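Structure record follows, encoded as structure tokens.
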């Protein structure tokens, strides 16, 4: 996410910045925890005087951040956060460029049904993303009469052997193991499920939410254990890319020696949205200031700063 955001900033600054001013990006790592998200937002809104906030990978952290954004009236755009509750709050400052759990896991749930799986084991992270996603999945599986067994795990866990053995020994044995766990936290689960002979195997297929197979770090961590892993790619097929997407992909590949993921494209879009919105707002203010006053004593206040426009880019990412 950070790499893609910086590409967008570099492009904007090379083209002249926002209304003639260079964009400055302030990065903060929320470490995937809500309290750190709150602290980062308070600091960067009040001390660094950012004009907008973009980023985040964890829904629970995003929910903490948007409370601060709403408190101060600071625009916030979520990059890759899927919990429906984020935009369901209908805060006027809060937007997202990613789809929500209700859309993504309706599609995933229908895939499970259409693929003919009958007994599904699910490991969910104890977060707004994990619980919300599984609620959508369970609703579809229950409606179609598909057996499912759900176990909740903590993001801080390293050893998942007890949970995996419990699921593996259910009778009948699951024909699909689904892991609804975000980011690199799922890597040790994939490795341990493989080492135990649970999944992927002839008896049990393996699915992981969030598209981890698109990250080369997964393969470096798990090796052949990631073979046959099923995951979704929340992004447009390359055949539907426009010229902007094609140019970004080529630049990303050239600079980082890897193709961009859907998350990287979302991150790039975030910064472009902020830049375009800032230009539009600046022009509206200038037009308003140039109008003659209808009343002798009326005034229009506009806040300006001599420093470059600042955008907070934060959130825990494996690329940061």
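For the chain, take the longest principal axis of its alpha carbons; what is the angle in degrees between that and the long axis of helix 262-290, to the nearest 10 within 0 to 90?
Result, in degrees: 20.
Would you mind calculating the relative contact order of the range 11-62 from Cα pairs under 8 angstrom and at least 6 residues apart, reporting the percent as a whole number?
33
For the chain, what does the relative contact order come out to in percent, with C-alpha contacts under 8 Å and a separation of six or more?
Taking the mean separation of contacting Cα pairs over the length of the chain, I get 28 percent.
Taking R0 as 41 Å, what's the FRET efficiency between residue 70 and residue 156 from their Cβ-Cβ distance, rounded to 0.05?
0.90
Hey, with R₀ at 25 Å, roughly what FRET efficiency would residue 258 and residue 126 work out to, going by the Cβ-Cβ distance, to 0.05?
It comes to 0.20.
With a 10 Å cut-off between alpha carbons and a GNM built on the chain, which of 170, 131, 81 moves the most?
It is 170.
Using Cα atoms only, what is the angle between the long axis of helix 2-14 and the major principal axis of the chain, expressed in degrees (0 to 90) to the nearest 10?
Computed tilt is about 20 degrees.
Relative to the longest principal axis of the C-alpha atoms of the chain, give the angle of the C-alpha long axis of helix 243-256, reported between 0 and 90° and rounded to the nearest 10°.
Approximately 70 degrees, to the nearest ten.
Of (i) 187; (ii) 128; (iii) 153, which is the value of volume of the Cα convex hull per residue in Å³ derived from the coordinates here?
(iii)
What percent antiparallel are the DSSP beta bridges of the chain, to the nearest 5?
Once the DSSP bridges in the chain are tallied, antiparallel ones form about 5 percent.
Between residue 47 and residue 251, how many nm apart are label points set 7 Å from Cα along the C-beta direction?
The answer from the label model is 3.1 nm.
Calculate for the chain the 222 nm mean residue ellipticity that helices alone would give, adding -39,500 (n - 2.57) per DSSP H run of length 4 or more and normalising by residue count, nearest 500 deg cm²/dmol.
Numbers: 11 runs with 141 residues, N = 320.
Estimated from H runs of four or more residues: -14000 deg cm²/dmol.
If I take every Cα pair under 8 Å that is 6 or more residues apart in the range 101-226, average their sequence separation and divide by the length, what percent do I get for the relative contact order?
Relative contact order here is 25 percent.
What ranking of 56, 217 emerges when the number of other C-beta atoms within 10 Å of each C-beta is taken as an exposure proxy, fewest first?
So the residues, fewest neighbours to most, are 217, 56.
How do 95, 248 rank when sorted from fewest to most other Cβ atoms within 10 Å of their own Cβ?
Numbers: 95 17, 248 22.
The most exposed by this proxy come first: 95, 248.
Between the range 215-256 and the range 62-95, what's the alpha-carbon centroid distance in Å?
Computed from Cα coordinates, the inter-centre distance equals 27 Å.
Counting other C-beta atoms within 10 Å, which of 74, 190 has the fewest, and how do the rest follow?
Ranking 74, 190 by Cβ neighbours within 10 Å, fewest first, gives 74, 190.
How much length is gained if the chain between residue 230 and residue 10 is pulled fully straight, taking 0.36 nm per residue apart and subtracting their Cα-Cα distance, in nm to one decimal?
75.7 nm
Given a Förster distance of 30 angstrom, what is the FRET efficiency for residue 31 paired with residue 102, based on the Cβ-Cβ distance and rounded to 0.05?
Result of the calculation: an efficiency of 0.60.
Values quoted throughout were computed directly from the atomic coordinates according to the rules given, and no laboratory measurement underlies them. Nothing here was measured: the structure is a model prediction, and the numbers come from that model. Cβ coordinates were reconstructed from backbone atoms using ideal geometry, including for glycine residues, and neighbour counts include every protein chain displayed.
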